[in-house]
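Beneath this line is the structure, given in structure tokens, with notes to follow.
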Amino acid sequence: MKRVLTGIQPSGILHIGNYFGAIKSSVELQNVADEAFLFIADFHSLTVNPKPEDLRERVKRVALDYLACGLDPEKSNFFRQSDIPEVCELTWILNCVTGTGLLERAHSYKDKIAKGFSPNNGLFSYPVLMASDILIYKSTLVPVGKDQKQHLEMTRDIAIKFNQMYKEIFVLPEGYISENVAVIPGTDGQKMSKSYNNTIEIFGDEKMIRKKFMSIQTDSKGLEEPKDPDHCNIFALYKLFATPAQQEEMAARYRAGNYGYGHAKQALFEAYMDFFAPMRKRRAELEKDPGYIESVLKKGAEKARALAQQTMVEVREAVGIR
């Protein structure tokens with residue numbers, strides 16, 4: 001059985017980079033998996049101590065955005081991580097079989113400390129909680145970004161250690177890294193990221209989003225000069241939304257000259273609006289019915305928790321806890 005599991009941290013407003021990375025992949029995989037589980041990782045987000053009211057609002061926003069972007073609750077079990085308390089119990093048990101040397105080698109922890117994050121124990125043992133999320137549902141396939149690949153390898157190491165010490169309970173998950181996902185440039189040309197404050201949101205006020213498109217950095221070539229589409233942030237983003245014919249047309253205009261970056265930004269904005277229009281409409285409809293969002297998360301948690309409880313019966317028995 002192909003059981004896919006993935007999680008999304010409610011760390012801020014979702015942007016174009018999130019869509020073409022995690023969201024699009026989750027929507028595609030729900031159509032090919034035997035079972036698909038997607039959780040909002042609110043426990044994980046506590047490592048940076050968000051304000052309680054901000055966390056609650058972000059969780060609601062993430063749920064709304066994913067459903068608007070095509071996540072189907074009939075195909076995906078969609079739930080809050082914190083609705084599955086068994087995950088915390090398993091995390092403690094796995095902590096007791098995980099060597100500190102394994103955690104000290106985590107690139108993500110080192111990177112966050114270098115960026116000024118407070119070195120709390122939650123941040124340090126983050127990979128163990130991630131392992132619990134994956135192993136408790138006996139997931140077989142886990143979509144991960146390249147920056148999370150090491151954490152998945154650590155999950156496999158932890159599972160092997162437990163299976164060897166006690167009993168072979170845990171499935172060793174395989175990672176799924178889409179090679180087709182390009183780095184999405186932000187308004188400044190760097191990778192689009194909330195950390196760089198260079199994002200363009202999927203949803204939000206149309207005027208404010210247009211303003212962000214118009215702020216995309218370019219070189220100083222004038223209107224009349226020919227331009228290189230292959231080295232332009234505007235064109236790189238345009239390719240995400242435009243058809244091959246539209247891409248060829250804009251590339252030809254770039255090379256011919258008498259086509260300014262302002263024209264290209266407007267074309268990009270229009271392509272973006274056309275692409276996300278059905279999702280923006282769907283989100284507006286969902287926003288009127290918060291009870292529906294809550295019912296989806298509750299139903300997904302019921303299915304996920306039933307599986308988690310089954311696994312914990314085996315784990316408790318294996319470690320000698322009744």
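For segment 202-215, filtered to residues that are touching a residue at least 40 places away in the same chain (Cβ under 8 Å) and assigned to a helix (DSSP H, G or I), the residue that is farthest from the chain's Cα centre (by Cα) is M214.
Checking each residue in segment 64-78 for being in contact with a Lys or Arg (Cβ under 8 Å, 6 or more places away or on another chain) and within 22 Å of A306 (Cα to Cα) picks out P73, N77. Checked against (1) modelled with pLDDT of 95 or more; (2) open to solvent by 70 Å² or more (accessible area, probe 1.4 Å); (3) closer than 23 Å to A63 by Cα; (4) not aromatic (F, W, Y), P290 passes all but condition (1).
Could you tell me whether segment 33-40 includes any residue that is under 13 Å from P143 (Cα atoms) and part of a loop (DSSP other than H, G, I, E, B)? Yes, there is a match, as at least one residue in segment 33-40 is under 13 Å from P143 (Cα atoms) and part of a loop (DSSP other than H, G, I, E, B).
Taking the criterion of being over 11 Å from A267 (Cα atoms) and either at pLDDT below 95 or part of a helix (DSSP H, G or I) (or both), the residues of segment 225-236 that qualify are P229, D230, H231, N233, A236. Kindly establish whether L90 is touching a Ser or Thr at 6+ places or on another chain (Cβ under 9 Å) and in a loop (DSSP other than H, G, I, E, B). No: the conditions fail for L90.
Every condition in (1) at pLDDT below 95; (2) over 27 Å from V32 (Cα atoms); (3) open to solvent by 60 Å² or more (accessible area, probe 1.4 Å) holds for S193 except the one numbered (3).
Could you go through segment 62-79 and let me know if any residue there is open to solvent by 40 Å² or more (accessible area, probe 1.4 Å), at pLDDT 95 or above and more than 21 Å from A284 (Cα to Cα). Yes, that holds for at least one residue. When we screen T199, T218 for residues that are in contact with a helix residue (DSSP H, G or I) (Cβ under 9 Å, 6 or more places away or on another chain), crowded, with 18+ Cβ neighbours inside 10 Å and either among the polar types (S, T, N, Q) or in a helix (DSSP H, G or I) (or both), the only hit is T199. The set of residues in segment 1-29 that are closer than 21 Å to R280 by Cα, in a loop (DSSP other than H, G, I, E, B) and in contact with a strand residue (DSSP E or B) (Cβ under 9 Å, 6 or more places away or on another chain) comprises P10, I13, L14. So L55 passes all but one of these: (1) touching a strand residue (DSSP E or B) at 6+ places or on another chain (Cβ under 6 Å); (2) modelled with pLDDT of 95 or more. Which condition number does it fail? The one condition L55 does not meet is (1). Taking (1) under 21 Å from M1 (Cβ atoms); (2) under 18 Å from the mean Cα position of the chain (by Cα) in turn, T199 satisfies each apart from (1). Among the residues of segment 5-14, is any touching a residue at least 24 places away in the same chain (Cβ under 8 Å), more than 23 Å from L307 (Cβ to Cβ), open to solvent by 50 Å² or more (accessible area, probe 1.4 Å) and not basic (K, R)? Among the residues of segment 5-14, at least one is touching a residue at least 24 places away in the same chain (Cβ under 8 Å), more than 23 Å from L307 (Cβ to Cβ), open to solvent by 50 Å² or more (accessible area, probe 1.4 Å) and not basic (K, R), which makes the answer yes.
A Cβ distance below 8 Å, combined with a sequence gap of six or more or placement on separate chains, defines the contacts here; from segment 100-114, residues that are at pLDDT 90 or above reach residues that are surrounded by 11 or more Cβ atoms within 10 Å (Cβ to Cβ) and not in a helix (DSSP H, G or I) in the pairs L103/S125. Whether any residue in segment 154-167 is basic (K, R), free of Cβ contacts under 8 Å to residues at least 60 places away in the same chain and either touching a strand residue (DSSP E or B) at 6+ places or on another chain (Cβ under 8 Å) or crowded, with 17+ Cβ neighbours inside 10 Å (or both) is what I want to check. Yes, because at least one residue in segment 154-167 is basic (K, R), free of Cβ contacts under 8 Å to residues at least 60 places away in the same chain and either touching a strand residue (DSSP E or B) at 6+ places or on another chain (Cβ under 8 Å) or crowded, with 17+ Cβ neighbours inside 10 Å (or both). Out of segment 88-106, which residues are among the polar types (S, T, N, Q) and touching a Leu at 6+ places or on another chain (Cβ under 8 Å)? Residue satisfying the conditions is T91 alone.
The values are calculated or read from the model by the stated rules, or taken from the named source; none is laboratory data. The structure presented is a predicted model; accordingly, all values stated were derived computationally and were not measured. In this analysis, Cβ positions are derived from the backbone assuming ideal geometry, glycine residues included, and neighbour counts consider all displayed protein chains. For accessibility, only protein heavy atoms count, side chains too; no ligands or nucleic acids. Shrake-Rupley method; radii C 1.70, N 1.55, O 1.52, S 1.80 Å.
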